[in-house]
Amino acid sequence: MENILVSACLTGENVKYDGYNNLNDKVVALKKRYNFILICPEVMGGLLIPRVPAEVKNNKVITKNNVDVTKEYHKGAEIALELAKKYNCKKAILKSKSPSCGKSRYDGTFTHKLIDEYGITAQLLINNGIKVYTEEEIDNL
């Protein structure tokens, strides 16, 4: 069975910034076809659960209370890439709109305005040849 990186929040793990999850039944159903390698780049980078929401602005990741967590986001992205290489993952299913995992993400103003830029982890994986899907693109797998 093929290995695939999957955002842990999509499988029901309570790793989301607010301590909850983004359980997605379509993602969970894919366990029949893939061996899931679960990741949460924010947590792997050293951030706590729960944590203050963060958004990317001017190439930095800043929390809603103005703390720079760019280093933690990049560390988590690097660990995700290491896991992808270790387990020979050619694909990933990542949480949309996330500052680390999204293929589109919020604009850094905390107003829920989306922009067409990748999150930190999504961009690093794509740059290294890993095909990234969001939970909204499951039918394309």
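Among the residues making up region 35-74, those that are charged (D, E, K, R), closer than 17 Å to A8 by Cβ and within 14 Å of the chain's Cα centre (by Cα) are E42, E72.
Between A80, A84, which is under 20 Å from K16 (Cβ atoms), assigned to a helix (DSSP H, G or I) and out of contact with any His (no Cβ under 8 Å at 6 or more places or on another chain)? Testing whether each residue is under 20 Å from K16 (Cβ atoms), assigned to a helix (DSSP H, G or I) and out of contact with any His (no Cβ under 8 Å at 6 or more places or on another chain) leaves just A80. When the residues of region 85-126 are filtered to those that are exposed (fewer than 15 other Cβ atoms within 10 Å of the Cβ) and touching a Phe, Trp or Tyr at 6+ places or on another chain (Cβ under 9 Å), the one that is modelled with the highest pLDDT is I126. Output the residues belonging to region 1-26 that are surrounded by 18 or more Cβ atoms within 10 Å (Cβ to Cβ), out of contact with any Cys (no Cβ under 8 Å at 6 or more places or on another chain), closer than 17 Å to M44 by Cα and not hydrophobic (A, V, I, L, M, F, W, C). Correct list: T11, Y17.
Got at least one residue in region 28-42 being surrounded by 15 or more Cβ atoms within 10 Å (Cβ to Cβ), at pLDDT 95 or above, of a type outside the set (K, R) and farther than 20 Å from E137 by Cβ? Yes, that holds for at least one residue.
If the condition is being in contact with a helix residue (DSSP H, G or I) (Cβ under 6 Å, 6 or more places away or on another chain) and either under 21 Å from G129 (Cα atoms) or of a type in the set (S, T, Y) (or both), then region 12-43 contributes I37, L38, I39, C40, P41.
The values are calculated or read from the model by the stated rules, or taken from the named source; none is laboratory data. None of these values were measured; they are calculated from a predicted model. No Cβ is skipped: glycine too gets one built from the backbone with ideal geometry, and neighbour counts run over all protein chains shown.
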